[in-house]
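Enquirer: Below is a structure I'd like to ask you about.
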Amino acid sequence: MSDTPSDSRRRRVHEMWVAGTEERDWVAGATDEGAQEMLPSDLDPAADIQSGVAVIDDFVEEVPVDPEERQFINMGPQHPSTHGVLRLHLELEAETIRRVKPIIGYLHTGMEKTGESLTYMQGSTNVTRMDYLSPLFNELAFSLAVESLLGVQPPPRADAIRVLMTELNRVASHLLWVATQGMDIGALSMMLYGWREREKVLAFFEKTTGLRMNHNYIRPGGVAADLPDGWEDDVEVILDEVPKAVGEYEDLLNENPIFLDRTVGVGVIRPEECDAYGITGPIARGSGIDWDLRKVFPYCGIDRYEFDVPIAVHGDVYDRYIVRIAEIRESLRIVKQVLETMPPGDYRVEDRKVTPPPRKRIDESMEALIHHFKLFTEGFKVPDGEVYRAVEGPRGELGVYLVSKGGARPWRIHVRAPSFAAVQALPVMMTDSLIADIISTLASIDPVLGDVDR
């Protein structure tokens, strides 16, 4: 039986592989991703970025090592402390890291392209799964972009509910971070305590949206449903118990000598490096950059509430911890104000071109049933245009860029993900540090690989 074209190609690839170097060069050039191994120092464009970075450590004596004794190792992509499917290619000189290459692409979810085949009504179900630890922020950024194209403004109650839910989501995300960060560097009790408080927030989310994560709750025009009866009591419990627990975290960690040794002066990134890499959120604020979209480009009326933006100065793992702990308290401060000032009224815009009729009307009116059916099968049409809307997520600026050509589906969708920027800056934070600092530095940027490999 004659060979198929694919069989011939496989045989040719095998012959070239046996030939040695020529095959490896051919495969590297034939793949879309390019070479996955660390490039030679003289050919690596990142080498200049990583040169000149020095970490001063009083406990480590720099001993010259023969270049031939340098070794390359992989961390991941299945390592539990990579917080997702991330591979780090490391060049080591004894126990010192000389070069780092983050390698992504193992998830290859294609969510942005998938979003172009979904209606705007379905869009929130897609974006909510990108950063699965802060799904409500994804839904909010997408909904704000669609509303900008539509020219609709949600009612005040919808805005207040959005602020309430997203700030609680920020608290839940930071609680998970402090839990996993503690576990990654040896404070095992933190894994229990952080998850314990996060459960209180997720229980409220489940009561409100029906789900603990990936809610599809914030939608273009408002939110899917009003807050449940008794929501005030649930929020009061969170406002009472979480701050007490956060105080216990600080008692455990702030002066703990082991925690300080693992975090102070580790994973440093300077303000100018944050600017160069597009770093935002707690990482940038931990380096002294006073930038928070809730202040500079407020959304959902969040400028009506009083809160401060925590800033640190050293740009290390410890300062990023301090900033996130302070942000938990500031978010709870916003939540308390929302609780006290929740406006009455509708929880979604009363525009029948965008909003389905109330469920009760479906049982009473054939027109309402037809309207409901068409909205959920065909979707609503959005005028031509393009827009970028961003929100301050737990990991930094989370933005959605949409292009519409007048149909019920976006022509193009792109998400500006904060985790992507943070991962690409890892070489700056890790170069010339110790192997023992890899996990601490990586955990401190709080990456979500679903946010990176969209």
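The values are calculated or read from the model by the stated rules, or taken from the named source; none is laboratory data. If you're wondering where the values come from, they're calculated on a predicted model, not measured in any experiment. All Cβ positions, glycine included, derive from the backbone under ideal geometry; neighbour counts span all protein chains shown.
Enquirer: Enumerate the helices (runs of 4 or more DSSP H) found wholly within segment 205-285, keeping only those where 3 or more residues are over 25 Å from the mean Cα position of the chain (by Cα).
Expert: Details: elements: 231-253, 257-263, 271-277.
So the answer is 231-253, 257-263.
Enquirer: Is one or more of the residues making up segment 137-148 crowded, with 17+ Cβ neighbours inside 10 Å, modelled with pLDDT of 90 or more and not in a helix (DSSP H, G or I)?
Expert: There is no residue in segment 137-148 that is crowded, with 17+ Cβ neighbours inside 10 Å, modelled with pLDDT of 90 or more and not in a helix (DSSP H, G or I).
Enquirer: Looking at (1) within 30 Å of Phe259 (Cβ to Cβ); (2) within 18 Å of the chain's Cα centre (by Cα), which is the one condition that is false for Tyr193?
Expert: It fails just one condition, (2).
Enquirer: Could you list, in sequence order, all residues of segment 355-378 that are surrounded by fewer than 18 Cβ atoms within 10 Å (Cβ to Cβ) and in contact (Cβ under 8 Å) with a residue 12 or more places away in the chain? Spell out how you get there, then give the answer.
Expert: In the first step, residues of segment 355-378 are kept if they are surrounded by fewer than 18 Cβ atoms within 10 Å (Cβ to Cβ); the result is 357-367, 369-370, 372-374, 376-378.
If the condition is that a residue be surrounded by fewer than 18 Cβ atoms within 10 Å (Cβ to Cβ) and in contact (Cβ under 8 Å) with a residue 12 or more places away in the chain, then Pro357, His372, Phe376, Glu378 are the ones that fit.
Enquirer: So is Thr280 in contact with a strand residue (DSSP E or B) (Cβ under 7 Å, 6 or more places away or on another chain), under 30 Å from Ile435 (Cα atoms) and touching a residue at least 24 places away in the same chain (Cβ under 8 Å) or not? Quick ask: steps written out before the conclusion?
Expert: Values: in contact with a strand residue (DSSP E or B) (Cβ under 7 Å, 6 or more places away or on another chain): yes; under 30 Å from Ile435 (Cα atoms): yes; touching a residue at least 24 places away in the same chain (Cβ under 8 Å): yes.
Yes.
Enquirer: Mind checking which residues of segment 405-430 are over 19 Å from the mean Cα position of the chain (by Cα) and crowded, with 23+ Cβ neighbours inside 10 Å?
Expert: Listed by number, the residues that qualify are Pro410, Met430.
Enquirer: Take Gly221 and decide whether it is surrounded by fewer than 24 Cβ atoms within 10 Å (Cβ to Cβ) and of a type in the set (Gly, Ala, Ser).
Expert: Details: surrounded by fewer than 24 Cβ atoms within 10 Å (Cβ to Cβ): no; of a type in the set (Gly, Ala, Ser): yes.
When the stated conditions are applied, Gly221 does not pass them.
Enquirer: Mind checking whether some residue in segment 291-308 is among the hydrophobic types (A, V, I, L, M, F, W, C), in contact (Cβ under 8 Å) with a residue 40 or more places away in the chain and part of a helix (DSSP H, G or I)? Even if it seems obvious, please write down each step before you answer.
Expert: Of the residues in segment 291-308, the ones among the hydrophobic types (A, V, I, L, M, F, W, C) are 291, 293, 296-297, 300, 302, 307.
Now drop any that are not in contact (Cβ under 8 Å) with a residue 40 or more places away in the chain, which leaves 293, 297, 300, 302.
Okay, now just the ones that are also part of a helix (DSSP H, G or I), so 293, 302.
Checking segment 291-308: at least one residue is among the hydrophobic types (A, V, I, L, M, F, W, C), in contact (Cβ under 8 Å) with a residue 40 or more places away in the chain and part of a helix (DSSP H, G or I).
Enquirer: Let me ask another. Pro154 is checked against (1) farther than 27 Å from Arg320 by Cβ; (2) modelled with pLDDT under 90; (3) not aliphatic (A, V, I, L, M) and fails just one. What number does that condition carry?
Expert: All conditions are met except number (2).
Enquirer: Still on this structure, please answer the following. How many of the residues in segment 416-452 are in a helix (DSSP H, G or I) and over 30 Å from Ala94 (Cβ atoms)?
Expert: Going residue by residue through segment 416-452, those that are in a helix (DSSP H, G or I) are 418-424, 426-430, 435-444, 449-452.
Subset that is over 30 Å from Ala94 (Cβ atoms): 418-421, 450-452.
Number of matching residues: 7.
Enquirer: Against the definition (outside any helix (DSSP H, G or I), over 30 Å from Leu375 (Cα atoms) and touching a residue at least 12 places away in the same chain (Cβ under 8 Å)), how does Ala179 come out, yes or no? Write out each step before concluding.
Expert: On the way: outside any helix (DSSP H, G or I): no; over 30 Å from Leu375 (Cα atoms): yes; touching a residue at least 12 places away in the same chain (Cβ under 8 Å): yes.
So Ala179 fails the test.
Enquirer: For segment 354-372, does any single residue satisfy the condition of being touching a Leu at 6+ places or on another chain (Cβ under 8 Å), charged (D, E, K, R) and in a helix (DSSP H, G or I)?
Expert: No.
Enquirer: If you don't mind, another one. Restrict the check to segment 395-415 and report whether at least one residue is out of contact with any Lys or Arg (no Cβ under 7 Å at 6 or more places or on another chain), assigned to a helix (DSSP H, G or I) and not β-branched (Val, Ile, Thr).
Expert: No, the conditions are met nowhere in segment 395-415.
Enquirer: If you don't mind, there's one more thing I want to ask. Could you say whether any residue in segment 245-260 is of a type in the set (A, V, I, L, M), crowded, with 20+ Cβ neighbours inside 10 Å and in contact with a Cys (Cβ under 9 Å, 6 or more places away or on another chain)?
Expert: Restricting attention to segment 245-260, the residues satisfying the condition of being of a type in the set (A, V, I, L, M) are 245-246, 252-253, 258, 260.
Keeping just the survivors that are crowded, with 20+ Cβ neighbours inside 10 Å gives 246, 253.
Checking which are in contact with a Cys (Cβ under 9 Å, 6 or more places away or on another chain) leaves us with none.
Taking every residue of segment 245-260 in turn, none turns out to be of a type in the set (A, V, I, L, M), crowded, with 20+ Cβ neighbours inside 10 Å and in contact with a Cys (Cβ under 9 Å, 6 or more places away or on another chain).
Enquirer: Further, regarding this structure: Kindly provide the set of residues from segment 114-136 that are part of a helix (DSSP H, G or I), in contact (Cβ under 8 Å) with a residue 40 or more places away in the chain and crowded, with 18+ Cβ neighbours inside 10 Å, ordered by number. Give the steps one after another, and end with the answer.
Expert: Of segment 114-136, the ones part of a helix (DSSP H, G or I) are 114-115, 123-127, 135-136.
Next, from what is left, pick out any that are in contact (Cβ under 8 Å) with a residue 40 or more places away in the chain: 115, 123-125, 127, 135-136.
Gly115, Gly123, Ser124, Val127, Pro135, Leu136, listed by residue number.
Enquirer: Let me ask something else. Could you tell me how many of the residues in segment 314-328 are in a helix (DSSP H, G or I), closer than 14 Å to Val266 by Cβ and free of Cβ contacts under 8 Å to residues at least 60 places away in the same chain?
Expert: Residues of segment 314-328 in a helix (DSSP H, G or I): 317-328.
Narrowing the set further to residues that are closer than 14 Å to Val266 by Cβ leaves 317-322.
Cutting the leftovers down to free of Cβ contacts under 8 Å to residues at least 60 places away in the same chain gives us 318-319, 322.
Within segment 314-328, residues that are in a helix (DSSP H, G or I), closer than 14 Å to Val266 by Cβ and free of Cβ contacts under 8 Å to residues at least 60 places away in the same chain number 3.
Enquirer: Can you tell which of Ser189, Ser173 is touching a residue at least 60 places away in the same chain (Cβ under 8 Å) and under 19 Å from Cys300 (Cβ atoms)?
Expert: Details: Ser189 fails: under 19 Å from Cys300 (Cβ atoms).
Of Ser189, Ser173, the one residue that is touching a residue at least 60 places away in the same chain (Cβ under 8 Å) and under 19 Å from Cys300 (Cβ atoms) is Ser173.
Enquirer: Being modelled with pLDDT of 95 or more, crowded, with 22+ Cβ neighbours inside 10 Å and more than 21 Å from the chain's Cα centre (by Cα) is true for just one of Val338, Val382, Val391. Which residue is that? Walk me through it before giving the result.
Expert: On the way: Val382 fails: modelled with pLDDT of 95 or more; Val391 fails: more than 21 Å from the chain's Cα centre (by Cα).
Only one candidate passes the filter, namely Val338.
Enquirer: Oh, and also: So, Ile97, is that one surrounded by 15 or more Cβ atoms within 10 Å (Cβ to Cβ), in contact with a strand residue (DSSP E or B) (Cβ under 7 Å, 6 or more places away or on another chain), aliphatic (A, V, I, L, M) and modelled with pLDDT of 80 or more or not? Before you say what the answer is, go through the steps one by one.
Expert: On the way: surrounded by 15 or more Cβ atoms within 10 Å (Cβ to Cβ): yes; in contact with a strand residue (DSSP E or B) (Cβ under 7 Å, 6 or more places away or on another chain): yes; aliphatic (A, V, I, L, M): yes; modelled with pLDDT of 80 or more: yes.
The answer is yes for Ile97.
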